[in-house]
1. Could you please find all residues in the range 111-127 being crowded, with 23+ Cβ neighbours inside 10 Å and either among the polar types (S, T, N, Q) or modelled with pLDDT of 95 or more (or both)?
2. Looking at this structure, is residue 75 surrounded by 15 or more Cβ atoms within 10 Å (Cβ to Cβ) and not in a strand (DSSP E or B)?
3. Within the range 85-109, count every residue that is in contact with a Gly (Cβ under 9 Å, 6 or more places away or on another chain) and not β-branched (Val, Ile, Thr).
4. Where residues in the range 206-231 are among the aliphatic types (A, V, I, L, M) and touching a Leu at 6+ places or on another chain (Cβ under 7 Å), which of them is surrounded by the fewest Cβ atoms within 10 Å (Cβ to Cβ)?
5. Out of all the residues in the range 141-163, which are of a type in the set (A, V, I, L, M, F, W, C) and buried (at least 16 other Cβ atoms within 10 Å of the Cβ)?
6. Output the residues belonging to the range 50-72 that are of a type outside the set (Val, Ile, Thr), under 17 Å from residue 38 (Cα atoms) and either touching a Leu at 6+ places or on another chain (Cβ under 7 Å) or not in a loop (DSSP other than H, G, I, E, B) (or both).
7. Test residue 133 against the stated conditions and say whether it is at pLDDT below 90 and either within 19 Å of residue 227 (Cα to Cα) or surrounded by fewer than 17 Cβ atoms within 10 Å (Cβ to Cβ) (or both).
8. State which residue is nearest to residue 166 (Cα to Cα) when the search covers only the range 189-205 and only residues that are polar (S, T, N, Q) and assigned to a loop (DSSP other than H, G, I, E, B).
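The values are calculated or read from the model by the stated rules, or taken from the named source; none is laboratory data. Every value quoted in this text rests on a predicted model; they were computed, and no experiment measured them. As a convention, Cβ positions derive from the backbone with ideal geometry for all residues, glycine included, and neighbour counts pool all protein chains shown.
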Amino acid sequence: MTRIIILAAGKGTRMNSELPKVLVSLKGRPMIQYLMDAVKAAGVDPRPILIVSPSNQEIIQTALKDYETEYVVQAEQLGTGHAVACARAVLDRDDRKIDNIVVLYGDHPFLTSESIKKFASINSEVLTIMPTSLPDFEGWRQNFYHWGRMVRGLDGKIEKIVEFKDASVEEKLITEVNPGFMRFNKDWLFKNIDDLTNENKSKEYYLTDMVKVAFESGQPVGAINIGPHEAIGINSLEELTIAESLI
């Protein structure tokens with residue numbers, strides 16, 4: 001079976017809101033509810049795991065009281081890799097056979113149930129991602145400019161994802177970007193996730209570095225591209241305005 005982990009521990013600082021980022025209103029609804037509806041409709045995991053912080057757990061639980069969810073608290077915000085690692089104990093206690101883990105983000109309201117179902121069911125490598133390709137970063141596509149870049153070798157194989165803060169001038173010209181959606185073989189993920197380091201400008205443990213771990217160990221990284229509209233994430237008031245114009 002496949003379990004779904006949704007990262008939702010972020011604060012709403014850049015949204016100029018006292019609410020957790022995932023609860024900021026998008027057309028009158030907390031943005032995470034759109035994703036929760038898609039996850040429910042996909043039927044992959046009837047009780048997805050939400051990673052929350054000590055300060056936002058209660059308010060998120062209240063907002064999602066009508067959804068079946070399981071909560072894991074990330075006591076310190078040390079990055080996305082650390083957030084997923086926090087769910088290991090809960091997954092290990094699950095007496096069902098878990099083959100795969102799908103990681104989603106609570107601030108991506110446009111991901112569809114069809115894409116979630118396809119992503120979860122694909123029979124592929126230890127790691128598969130869902131990038132999106134853009135013609136440029138103009139207009140509404142400026143939302144994607146500060147996203148991680150997909151770095152491929154001359155043979156077209158994915159070698160790594162470089163976060164924007166750590167990208168070179170040349171890497172910032174790449175228009176294939178990473179929304180963050182990742183699907184892992186569970187055993188491989190937790191065998192290797194402790195090898196992540198925080199040797200980057202943010203001093204965080206990036207889940208995206210698992211791509212480099214896979215590549216360097218000779219494991220192919222799969223990819224299912226999705227359209228830019230579906231991949232949109234919301235991290236600022238400007239991005240919220242753009243998303244509202246596209247809903």
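1. Quick first cut of the range 111-127, residues crowded, with 23+ Cβ neighbours inside 10 Å only: 111, 116, 119, 127.
111, 116, listed by residue number.
2. Working: surrounded by 15 or more Cβ atoms within 10 Å (Cβ to Cβ): no; not in a strand (DSSP E or B): yes.
Considered against the rule, which asks whether it is surrounded by 15 or more Cβ atoms within 10 Å (Cβ to Cβ) and not in a strand (DSSP E or B), residue 75 comes out as no.
3. If we filter the range 85-109 for residues that are in contact with a Gly (Cβ under 9 Å, 6 or more places away or on another chain), which is where we start, we get 103-109.
Of the ones still in play, those that are also not β-branched (Val, Ile, Thr) are 104-109.
Qualifying residue count, the range 85-109: 6.
4. Going through the range 206-231, the residues among the aliphatic types (A, V, I, L, M) turn out to be 207, 210-211, 213-214, 221, 223-224, 226, 231.
Retained after the next criterion (residues that are touching a Leu at 6+ places or on another chain (Cβ under 7 Å)): 210-211, 214, 221.
Working: 210: 28, 211: 25, 214: 22, 221: 24.
Across the range 206-231, the extreme among qualifying residues is 214.
5. Step one: list which residues in the range 141-163 are of a type in the set (A, V, I, L, M, F, W, C), which gives 144, 147, 150-151, 154, 158, 161-162.
Once the filter is applied, which keeps residues that are of a type in the set (A, V, I, L, M, F, W, C) and buried (at least 16 other Cβ atoms within 10 Å of the Cβ), the range 141-163 yields 144, 147, 150, 151, 158, 161, 162.
6. Our first condition is that a residue be of a type outside the set (Val, Ile, Thr); within the range 50-72, this holds for 50, 53-58, 61, 63-68, 70-71.
Narrowing the set further to residues that are under 17 Å from residue 38 (Cα atoms) leaves 50, 63-68, 70.
Matches in the range 50-72: 50, 63, 70.
7. Values: at pLDDT below 90: no; either within 19 Å of residue 227 (Cα to Cα) or surrounded by fewer than 17 Cβ atoms within 10 Å (Cβ to Cβ) (or both): yes.
Answer is no for this residue.
8. At the first step, the residues of the range 189-205 found to be polar (S, T, N, Q) are 192, 197-198, 200, 202.
Of the ones still in play, those that are also assigned to a loop (DSSP other than H, G, I, E, B) are 197-198, 200, 202.
On the way: 197: 14, 198: 12, 200: 7, 202: 9 Å.
Filtering first and then ranking leaves 200.
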